[in-house]
Each structure stands twice: as structure tokens, then as C-alpha cells.
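Note sheet for the following structure.
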């Protein structure tokens, strides 16, 4: 279900094996996947319970003289859209916790060795600087992997719950098949537009689920930069807060540029959209692809820059 935070070759790296020796579930790919399935089962159950409680809390109760049909209607249509919007944004807000966990998992990776007096001994080994940094980065990802797994599981659980609630619950409880009949009519009327709409939905959901994994890799690398420059633990914590704020600010600026840029490109094509919904969906699909590439490129840039800075810092300290 989840990609492992390291390659198979990293398992044979002595420094990595020493770093993760206390994380039993993170010592092999099979253990990580089994643990991920357990995390997903627990989070999925919790998301369902939260959805049920929010739906009951926000819905207006049926009339006093109600029957089974009205009760089912209240359960199905009461406040599901509002509840799902709240859950989706709450899962996005968990990114802040993921940032803290990812940064703190790496903030002592270099400085901890220096303060404990083990760094000179580590440098006397046959390990290259790049190998040391990669092993430290992989170990930091293992330590932050649990929070990342919870974040991904919560987002995936919301998607699966929504995919079941909206189409199937009305069909099972009320015999209402309007979702499927409407989908079939829409496909017959505009097949290309429907396919493009599905592609947009799938692209958006993939970004929504995979983004925490990209984020964790970037933030652990950023934590290693802080660790290579700041040896004092309290100052490193403050620097981590500043780095997290800088990342969120940079993402807000990039998001604003994307919105205004794509909106500017869309404005000359509004008349084409009004004439053909297929063209409009195609444009939105291209915009979703550009957004996905931008998000992935941003995290990759932060990760690669951070690891290069750590290696350069090690060479400079020689």
C-alpha cells in the first residue's frame, strides 16, 4: 500500500541498519507493508466513526412521525457533502503535524553525532559522504514514516468512504439508482467529456493521497540541513519552525501563481468552453497535470537542494 522509504540496497548499509535498529517494523519492506495495513485498518475505522458522528451531529432529525424510508433518507442525504468537505480539509491540515514529525526526525541526524563525539569516528570509516547522507536521510524517513502512514491512510479512507457512501448507500438503503443512471446518460450524451472528467477526478485523488509521501521526503531532508548547521537542540527546534513556515509560505505563493496563471490562460478560451464542454474538461485535465507536476517538482527541488547542502557542509567541515 505504501512505498518504502528506502531501496533494497540501503538495507545492507551498516549505518542505516544501526540507525533503524530500534524501529522493528521499519527494518524490512514486508514489515513496513504489514504495519501499513494495520495503520490503514485503524485509521479507516476511526474515519468512519468520525463521519458517522459528524453526520448525526450536523443533520436535522427526521419528523416525529417518520418511517423507515425517512430515516434512511436522513442518514444518506442529511449532511454527507458538508461532512466530507470538513474531513478533506482536516486531513490536509494534518500536513502541519507531518511537517513537525518529519523535520524533528532528522534534526539531530548530524548534530547528534557531533555532540556525542561519534562524528569523527564515522568519518574515519570507509563510508563516503554521499552514502552517509543518504543513509541518514533514509533512517529519518523511517522514523517519520508512521505519521506519514496515518496521513495517507486518513486521506485514502475518506476517498473510499465517499466512493461508497454517495453511489451505493442510496442504492442499498433507498433503492435510489439515480447516480448510476445519471452517469450513464451523461456518458451517452458526452462520452469524451465524461472520460476527461473521470481523468480529472483520478488525477486529483492521486495527488491528494501521494502528496504526504513527497512532503515527508522533502521535510526530512530539510531537517538534515538544519542538523548540519545548528548543533544546539533548542535553536534547532526554532530553526525547524522557521523552515516549516518558509515551506508553507513558498507553497502559498506558488499556489497563487498557479491560480492566476491558469486563470489567465483560461480567460481567452471561455467562449470555447461554452461551445464544447469536452474542451473545458480537457483544459481542466491539463491544469491538473500541471499542478501535479508543480507539486512534485517543488518537493523534489527542496529534497535535492537540502541533500546537496548537507553534503557540501560536510565537505566544508573537513
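The values are calculated or read from the model by the stated rules, or taken from the named source; none is laboratory data. Just so you know, these numbers come straight off a predicted model, no measurement behind them. Cβ: placed from backbone, ideal geometry, glycine included. Neighbour counts: every protein chain shown.
Annotations
- Residues of the stretch 290-303 classified as touching a residue at least 60 places away in the same chain (Cβ under 8 Å) and exposed (fewer than 14 other Cβ atoms within 10 Å of the Cβ), total: 1
- Scanning the stretch 19-31 for residues that are buried (at least 16 other Cβ atoms within 10 Å of the Cβ) and either over 23 Å from the mean Cα position of the chain (by Cα) or at pLDDT 75 or above (or both) yields 19, 20.
- From the list 58, 16, 40, the lone residue that is touching a helix residue (DSSP H, G or I) at 6+ places or on another chain (Cβ under 7 Å) and at pLDDT 85 or above is 40.
- Screening the candidates 165, 142 for the property of being assigned to a helix (DSSP H, G or I), in contact with a helix residue (DSSP H, G or I) (Cβ under 8 Å, 6 or more places away or on another chain), under 25 Å from residue 39 (Cβ atoms) and at pLDDT below 80 yields one hit, 165.
- Residue selected from the stretch 175-203 under the condition part of a helix (DSSP H, G or I) and surrounded by 16 or more Cβ atoms within 10 Å (Cβ to Cβ), by the criterion modelled with the lowest pLDDT: 193
- Top-ranked residue of the stretch 123-139 - restricted to ones that are outside any helix (DSSP H, G or I) and in contact with a helix residue (DSSP H, G or I) (Cβ under 9 Å, 6 or more places away or on another chain), ranked as surrounded by the most Cβ atoms within 10 Å (Cβ to Cβ): 127
- Test result for residue 144, surrounded by 23 or more Cβ atoms within 10 Å (Cβ to Cβ), within 18 Å of residue 299 (Cα to Cα) and in contact (Cβ under 8 Å) with a residue 24 or more places away in the chain: yes
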